[in-house]
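Read the structure below first, then the notes.
Computed from the coordinates by the stated procedures, all read-outs in this text should not be read as laboratory data. Note that the structure is predicted; figures quoted are calculated from it, not measured. Cβ coordinates were reconstructed from backbone atoms using ideal geometry, including for glycine residues, and neighbour counts include every protein chain displayed.
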Amino acid sequence: MADYDVIVIGAGNAALAASVSATENGAEKVLVLEAAPKKMRGGNTHWSGGVFRFAFVNARDLEPLLPGIEDQYPNFYDGVTPYPYEDFMGDLVRVTGGRTDPVLSDILVSNSRDTVMWMHAVGKIPMEPAIGLSGVNKDGVIQWQRGLVVRAEHEGVGLSTAWFATAESMGVEIRYESAATGLIQDSGGRVTGVTVQGAGASEDITAGAVVLACGGFEANAEMRLQYLGAPWDRAKVRGTPHNRGDGLRMAMDIGAEKAGQWDGCHSTPISADWGDYAPRELTDKSNRLSYLYGVLLNREGLRFLDEGMDVNFLTYAKYGRIILTQTQGMAFQFFDQKTVGLLEPRYSTSEPVVADTLDELIGKLEIDDKDEALKSLEAYNAAACDPGGFDPSQKDGLSTSGLDIEKTNWAIRLDDPPFHAYTVTGGITFTFGGLKIDADARVIGDGGKPIPGLYTCGEMVGGLFHDNYGAGSGLVSGATFGRIAGRSAAKFDG
Ligand SMILES: Cc1cc2nc3c(=O)[nH]c(=O)nc-3n(C[C@H](O)[C@H](O)[C@H](O)COP(=O)(O)OP(=O)(O)OC[C@H]3O[C@@H](n4cnc5c(N)ncnc54)[C@H](O)[C@@H]3O)c2cc1C
């Protein structure tokens, strides 16, 4: 008789969804192993903005998640555009350059709405509109980026707190400071337990099935160098310091197959002022994602990407990487008075550098070639548009004309002082490479067969994301595959 029906390794969104699902599907004894001490529990999920991307056909499909929202925002549903399956799938295929796994992406997108409803109903996660993040006020109505309307109340902190409360109320046991170090197999290859390093000696705990949900390798500088290459070893980490690739290593040690883009990761423009790890209490407030309304220069004083290629939540995850590969991993965002009011509230966690002229502003920044920087901004201004038609709520087609790298939307001149600048770098969020799974979240081993008794979910799933990512997909993917993994593990009978 095993010690537990199901052991779940990790205690983030994917793990706790798996533990709740396993319990819901009949597992009586479920153990969650969390490497972190209780005060650091919850993984990247705690640090996250708690935003959920999901498909829906009618704006009013959101009503069960946001009861009474029109009392607070009378025109709320007027600003919500439907985001059907085809649009979510289209965005996922487009941002990943067609490389998203077709089976896994279909599971993610087709289950996305039901997953969020389940998180709300069974996971008891209160939700709210993602105000201040994806909504832009236009003529008194908040216009939402498509598919990105809802988040967990109190963002990632609220999401994590709610998941722990629900799992505990369902009888799931949670052990802190308990890092899994290896998987135990019987002679037939079935996974029968986990070796755990607690505060004292290491211990073997047996289980009917094991779910790996312990994140990627984003907090492990050696693995970053090995798989992502330089300069990723010196990237600042946006989330938990505990995701060190343990689960990936443990699974590969027993023959699990890798899948997805092992040399790719999610990385975003963040404030360069932050330390190597984001402070837990400031969660995701390091993000600097309003670049679409401004201009970005590197230390050579040159523009190096199209700031207005798309809405920020479809470009930010690749622009972090591009910034990190600039000299000293740095860049500078410039805004004027026409756009400073549009900066997302997270900018308030650092002080802008301010000046009355562009020349003076450049002089205050760590730009190596200041003459080139002024030339770049003047060339940009000469090629940019009148602000007439500027529409921050959607791609407005206001493009520069005649530059080597055009800014293809929101390209209005920087001419309304005082000017503001922010120094940014690329911070790593999570890694894209993971394990190969099937539609039941079973981990596939060498030879293409599932490893009996082993499941995975969350950041550990390989194949969904390549090069880029649409905001809000990580949590919905984690809960979708966590729910499947928990159900499969509960029903596994050898
Ligand atoms: C700053 C930030 C903002 C984000 N915002 C959003 C957002 O708004 N929307 C969105 O969809 N996504 C967002 N993401 C991404 C999202 O947070 C992740 O995709 C998601 O939380 C991953 O969930 P997970 O359960 O796979 O991993 P995590 O939540 O990271 O959980 C992994 C768990 O495994 C534990 N662990 C690690 N090693 C071991 C071990 N050996 N033994 C036991 N436990 C171990 C960790 O301590 C942790 O509890 C954000 C991420 C960050 C960092």
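Summary table below
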item	result
Percentage relative contact order, the chain, counting C-alpha pairs under 8 Å, at least six apart	24
Between 0 and 90°, nearest 10: helix 13-24 axis offset from the chain longest Cα axis	40
Lys/Arg +1, Asp/Glu -1 at C-beta; the chain dipole; positive extreme among 414, 209, 298	209
For the range 67-123: rounded, prolate or oblate by the Cα gyration tensor [a/c cutoff 1.5]	oblate
Vicinal HN-Hα couplings computed from phi for the range 227-237 (Karplus, 6.51 cos²θ - 1.76 cosθ + 1.60; Hz; Gly/Pro x)	9, 9, x, 5, x, 5, 4, 9, 6, 6, 9
Degrees separating the helix 85-95 axis from the principal Cα axis of the chain, which is the longest one	70
Per-residue HN-Hα couplings for the range 423-436 [Karplus 6.51, -1.76, 1.60; θ = phi - 60°; Hz; x = Gly/Pro]	8, 10, 9, x, x, 7, 9, 7, 8, 8, x, x, 9, 7
Tail beyond 30 Å, pair distance distribution of the range 268-427 (Cα, percent)	7
Shape category assigned to the range 135-252 from the gyration tensor of Cα positions, a/c cut at 1.5	oblate
Inter-part distance where the range 53-125 and the range 368-403 are each reduced to a Cα centre, Å	34
Loop-located chymotrypsin sites (Phe, Trp or Tyr not before Pro) in the range 451-494 whose Cβ has at most 16 other Cβ within 10 Å (DSSP)	none
Note, ³J(HN,Hα) from phi for the range 155-170, Karplus 6.51, -1.76, 1.60, rounded to Hz, x at Gly and Pro	6, x, 4, x, 4, 5, 4, 5, 4, 4, 4, 5, 4, 5, 5, 8
The range 268-427, relative contact order in percent, only Cα pairs under 8 angstrom and at least six apart counted	36
Mean separation of Cα contacts under 8 Å (6+ apart) over length of the range 11-119, as relative contact order %	27
Shape call, the range 300-388: gyration tensor on alpha carbons, a/c limit 1.5	rounded
Cα-centre dipole for the chain with unit charges at Cβ (Lys and Arg positive, Asp and Glu negative), debye to 20	880
Distant-in-sequence amide H partners of residue 174 (H built 1.01 Å from N, under 5 Å)	32
Interchain or long-range residues, amide H under 5 Å from residue 412's placed H	385
Angle in degrees between helix 370-383 and the longest Cα principal axis of the chain, rounded to the nearest 10	80
